[in-house]
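The next block holds one structure in the form of structure tokens; read it before the comments.
Please treat every number below as a calculation from the coordinates, not as lab data. Bear in mind the structure is a predicted one, so any value in this text is a computation, not a measurement. With ideal geometry, Cβ positions are generated from the backbone for all residues, glycine too; neighbour counts draw on all protein chains shown.
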Amino acid sequence: MIAALPSRLVVIAIAAVIAVALPRIAAAGRCTTGLISGGFHCGTCPDPTQLPSPCGPDEEEVIFDLDKPFGFDGTTTSSVTMRAAAKSPCGAGFEKTEAVDGYMIGCWGPPDDKGCRALRTPSNGNMCLRINDEPLGCPGDCATVRTGQIAISNAGGADRQICPPKDETTCRSTRGDGETEQFQLWIGGLCSTNGCEITNPEMPDEQSPGPDTCTTDWGATLFGYSRGTVGKASPPGFYHWKSGTFDLEVTDGKPSCGLLGQCLGAGFRSPWTLRIVGTPRPGSNVPCLGADVCSPLPDGDPGCL
């Protein structure tokens, strides 16, 4: 809770509490539905192994964990940089970077005649992003507002093609032309919960909904797509064949609600940078390239797709 808000924020804070107290119809978009993303999510992401498999009979399910370094460089990790709008209480130029973990469930399609595969990202809970929870730390009364959020997918994305690499030094995936080194991922929507209460200060993951808990719909998140306009910047994604891991980043508007939203201001005017690094969970099979130097496993290994 904010200890001593200026009068301008007190009015907003009261309105936010009233909104939370109203029936769930007051929440944003598809956050109100019966999907896995619906309702408040505090503490930890759902267990992806307990969700119904979203993959078809000709597809192979893979669980990517988002809490490990990128296999290509061994250092890049999942993170989010939150930024404040110019007229927000935190003020222009304020930003806060937090670690991100969670999971993404994907469905590998069969290879085509070029060795390319589609990685399908289904809807309804098959991605969960958990943002590290600590004090926001911007100047003034917003210093103690918490950064923690859990965002869960509620809408699916398009099938995205991953083709064999052309460079055995980087083992970076290409697109359909076999030349463009790029990996794209389109997530149709995520519902984000923030403002959860920490029930045990010594165990921050032990959280439950409180008077400031709220949800907001992030809308479509387009990793690896860049439209060349402010707030929609995304460098080419990187799927690393040798390790079966990926690195994706996007900078776009992420709306927030409750006290965190009041402190940071309008999300679309202060785009956040979200980076996810995915590593196949042990037991998930990975696409292989036969005897190629970029194949993650030796030719004929039972872990190969």
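Extension gain for GLU202 to THR97 (0.36 nm times residue separation, less C-alpha to C-alpha distance): 35.6 nm. Toward the positive end of the charge dipole of the chain, about the Cα centre and with charges on Cβ (Lys, Arg +1; Asp, Glu -1), which of VAL145, ILE276, THR121 goes farthest? Positive-end residue among those listed: VAL145. Taking Cα atoms only, the orientation of helix 7-21 departs from the longest principal axis of the chain by about 60 degrees. Of all the options TYR103, TYR225, TYR239, the one that moves most in a Gaussian network model of the chain with Cα springs shorter than 10 angstrom is TYR225.
Strictly over 19 Å apart at the Cα level, which of LYS68/LYS242; LYS68/LYS96; LYS68/LYS114 would you flag in this model? Provide the component values of the computation, followed by the final result.
Details: LYS68/LYS242 16 Å; LYS68/LYS96 21 Å; LYS68/LYS114 30 Å.
Violating the 19 Å Cα-Cα cut-off are LYS68/LYS96; LYS68/LYS114.
Ordered by packing density, taken as the mean number of other Cβ atoms within 10 Å over each peptide's residues, highest first, how do 279-292, 252-265 rank?
Details: 279-292: 16.4, 252-265: 22.8.
Per-residue mean Cβ counts within 10 Å order the peptides as 252-265, 279-292.
Counting alpha carbon pairs within less than 8 Å and at least 6 residues apart, what relative contact order, in whole percent, applies to the stretch 7-280?
Values: 746 pairs, mean separation 61.8, N = 274.
23 percent.
Given the rule -39500 (n - 2.57) for each run of at least 4 DSSP H residues, summed and divided by the residues of the chain, what is its mean residue ellipticity at 222 nm, to the nearest 500 deg cm²/dmol? Display every interim value, and only then the final one.
Details: 2 runs with 22 residues, N = 305.
My calculation for the chain gives -2000 deg cm²/dmol from helical runs alone.
What is the extension gain from LYS114 to THR180, computed as 0.36 nm multiplied by their sequence separation minus the C-alpha to C-alpha distance, in nm to one decimal?
Working: separation 66, 0.36 × 66 = 23.76 nm, distance 1.44 nm.
Extra length available between LYS114 and THR180 comes to 22.3 nm.
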